[in-house]
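Please read the structure below before turning to the comments.
The values are calculated or read from the model by the stated rules, or taken from the named source; none is laboratory data. Everything quoted here is computed from the prediction, not taken from an experiment. When we count neighbours, we look across all protein chains shown, and the Cβ atoms used for this are built from the backbone with ideal geometry, even at glycine.
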Amino acid sequence: MTTKEEVLKTLELSQGRYVSGEALARRLSLSRNAVWRAVKSLQDEGCSIDAVTRRGYRLNETPDLLSPQAVEKYFSRRAACWDVEVRKTVTSTNTVLKTMAEGGAPEGKILVAAEQTAGRGRMERRFYSPAGSGVYMSLLLRPSCGASQSLYVTTAAAVAVAEAIEHVTGRRAQIKWVNDVYLRGKKACGILTEAAFDMETNRLAYAVLGIGVNMRPPAGGFPDELEPIVTSVFGEADYDPVLRNRIVAEIIERFWRSYENLGEKAFLQGYRERSFLSGKDVDVVSGAERRPARALDIDGEFRLHVRYEDGAEEYLQSGEVSVKPRGGSA
């Protein structure tokens, strides 16, 4: 736990009472200056902390503040390896966590951010990640599975996100193969799994699982190019500030439950039941080519089963599929 996290946890446990800088320093074995710097950093990140001469510091109610302590409060169980770190702003949680992975960080490191300045999705597309709107997280995994099972990480995460949204909101979520979670026919969450392989063993050296959830409409609304295709879990009217920390905890816990027994694919039925594409007319996109097809189902290996207009069928392991609008082409 960092100095900043220790100070925040101590103030949270004080339940609105003032704690002197001297008492904080003594309790945490820090200098008074280190305590002051930690408090200043927390204030800069949005923590409402009163600092009063001869009284000390007091944490005011800040329900929308992302913090490891606030996330962990919602865990009903906790894996020993989980290490949640929260940052106000990052370039990309995946990029930062990949650097940590290359440096030897252990499985279970979880990075959560309130904003990404260079968020990205599949095919290096920009992932819109403004402050005050969403929650963005990455989990470091070191699975004992082969390359053929790497897709399970993404699909297990999609089910975890869908279940978390349903549990918190009561609204039905769907999964657009392979890695997007939809609400009301629009994208509310994107998932990006990036992996490094051990070429000698053909097994994963590590995987970084990135998840971005649009929690509420951004100030001023979504950009014009995104407005027709994206949505948020909550609107302004029904958004509750405490829900950012809760949704993070729900996703982590639900995903880890599947991850611990990844090869059993217990989440397969949940994935298939929520398929957004099954039964729809789609275009299978390969480069500049768009081939019309009907999406039939998701098979036991999470491949998308499609039938083309000429009657040929294919099971797609990866790729891009777009839904045809009713009455016209995509």
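Tabulated results
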read-out: Flag if residue 68 is farther than 16 Å from residue 193 by Cα, buried (at least 20 other Cβ atoms within 10 Å of the Cβ) and more than 14 Å from the chain's Cα centre (by Cα); value: yes
read-out: The listed residue being out of contact with any Pro (no Cβ under 9 Å at 6 or more places or on another chain), buried (at least 17 other Cβ atoms within 10 Å of the Cβ) and outside the structural domain of residue 153 (by TED's automatic domain parsing), out of 288, 295; value: 295
read-out: Where residue 188 falls short, out of the listed (1) part of a helix (DSSP H, G or I); (2) of a type in the set (A, V, I, L, M); (3) buried (at least 19 other Cβ atoms within 10 Å of the Cβ); value: (1)
read-out: Leading residue by the ranking (modelled with the lowest pLDDT) among those in segment 284-302 that are in contact with an Asp or Glu (Cβ under 9 Å, 6 or more places away or on another chain) and within 19 Å of residue 175 (Cα to Cα); value: 285
read-out: Among residues of segment 204-234, those that are surrounded by fewer than 17 Cβ atoms within 10 Å (Cβ to Cβ) and within 20 Å of residue 154 (Cα to Cα), counted; value: 1
read-out: Matching residues, segment 65-100, being at pLDDT 95 or above and either in a helix (DSSP H, G or I) or of a type in the set (S, T, N, Q) (or both); value: 91, 92, 93, 94, 95, 96, 97, 98, 99, 100
read-out: Residue check for residue 51: in the same structural domain as residue 257 (by TED's automatic domain parsing), in contact with a Phe, Trp or Tyr (Cβ under 8 Å, 6 or more places away or on another chain) and surrounded by fewer than 18 Cβ atoms within 10 Å (Cβ to Cβ); value: no
read-out: Looking only at segment 227-251, and only at residues there that are in contact with a helix residue (DSSP H, G or I) (Cβ under 7 Å, 6 or more places away or on another chain) and of a type in the set (A, V, I, L, M), the one that is farthest from residue 75 (Cα to Cα); value: 233
read-out: Residue match in segment 266-277 (condition: on the phi < 0 side of the Ramachandran plot, in contact (Cβ under 8 Å) with a residue 24 or more places away in the chain, surrounded by fewer than 20 Cβ atoms within 10 Å (Cβ to Cβ) and part of a loop (DSSP other than H, G, I, E, B)); value: yes
read-out: Subset of segment 206-226 [more than 17 Å from residue 126 (Cβ to Cβ), touching a helix residue (DSSP H, G or I) at 6+ places or on another chain (Cβ under 8 Å) and of a type in the set (A, V, I, L, M)]; value: 207, 208, 209, 215
read-out: Output for segment 127-179, where each listed residue is within 24 Å of residue 89 (Cα to Cα) and surrounded by fewer than 16 Cβ atoms within 10 Å (Cβ to Cβ); value: 131, 132
read-out: Subset of segment 146-170 [touching a residue at least 24 places away in the same chain (Cβ under 8 Å), within 21 Å of residue 249 (Cβ to Cβ) and either part of a strand (DSSP E or B) or not β-branched (Val, Ile, Thr) (or both)]; value: 156, 157, 158, 160, 162, 163, 164, 167
read-out: Helices (runs of 4 or more DSSP H) enclosed by segment 1-61 - at least 2 residues per element that are over 34 Å from the mean Cα position of the chain (by Cα) and of a type in the set (A, V, I, L, M, F, W, C); value: 21-28
read-out: Condition met for residue 306 (farther than 25 Å from residue 141 by Cβ, modelled with pLDDT under 95 and part of a strand (DSSP E or B)); value: no
read-out: Residue within segment 139-147 that is closer than 16 Å to residue 66 by Cβ and in the same structural domain as residue 243 (by TED's automatic domain parsing) present; value: yes
